[in-house]
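Notes follow once the structure below has been shown.
The values are calculated or read from the model by the stated rules, or taken from the named source; none is laboratory data. None of the values given here were measured: they were computed from a predicted structure. Neighbour counts are summed over all protein chains in view; Cβ atoms, including those assigned to glycine, are modelled from backbone coordinates with ideal geometry. Areas reflect the complete protein model, heavy atoms only, side chains present, ligands, DNA and RNA absent. Shrake-Rupley method; radii C 1.70, N 1.55, O 1.52, S 1.80 Å.
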Amino acid sequence: MILLPLTYFGNIEYYSHLMEDECRVEACCSYEKQTYANRCTIVGANGVQNLTVPVAKPWHNVLVKDVRIAYDEDWQTMHWRALRAAYNSSPFFEFYADELSVLYTRRYEFLVDFDRKAEEIALSLLGLTHLTPRLTEDWMPDEKLGIKDYRNSLHPKKKVVPLHIILGVEYYQVFTPKFGFIPNLSIIDLLMNMGNESRIYLRKIINK
């Protein structure tokens, strides 16, 4: 079994793990700032861009499943505009835009519910809804046997060798001519540029 962190449109590595084995998503750890739980990383005209969901205070010593979203600013409109600006010229934006935009038309009280809806949409676009992982119900210790634990390694601050260097696998991105290939972005970047072939790309990672 694989243990994964909660993510907002998680990166490509995250979704490759979902295809690899039975997974659980950690919901019972303490919330930590600056993780993928409230951050989605894309690339736009100005380079790499982090879309961050603001969370309500207090968040310190609060379990991930209990973190509430803040709506002091209209971040949903800003995120949708950023996604549209980044991928409007991509091959598959018009095919996925309607289903994707649904995420930004409803207010979610809890971050976990927003993230799970984002994951539901991503898996639907990938044609992999049968892989939807369950949330953990209790804290699972790091040393638990039989568990592949990616809760800490799938982190924005974690310095790892990029997947495309390890695997030799790239794909064309909207801004490749300007920035070159940028690896391991949000699954949204892969979907917008590869469409149905996104599953093939993810399988290449697993098979390597």
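Here are a few things to note about the model shown:
- Hits in region 171-207 - residues which are touching a helix residue (DSSP H, G or I) at 6+ places or on another chain (Cβ under 9 Å) and on the phi > 0 side of the Ramachandran plot: 184, 195
- Meets criteria (open to solvent by less than 30 Å² (accessible area, probe 1.4 Å), at pLDDT below 75 and either of a type in the set (A, V, I, L, M, F, W, C) or farther than 16 Å from residue 1 by Cβ (or both)) for residue 154: no
- Checking each residue in region 1-26 for being crowded, with 21+ Cβ neighbours inside 10 Å, assigned to a loop (DSSP other than H, G, I, E, B) and of a type in the set (A, V, I, L, M) picks out only 6.
- Of the numbered criteria (1) at positive phi; (2) under 15 Å from the mean Cα position of the chain (by Cα), the one residue 61 fails is (2).
- Subset tally (residues that are crowded, with 21+ Cβ neighbours inside 10 Å and not hydroxyl-bearing (Ser, Thr, Tyr)) for region 28-50: 5
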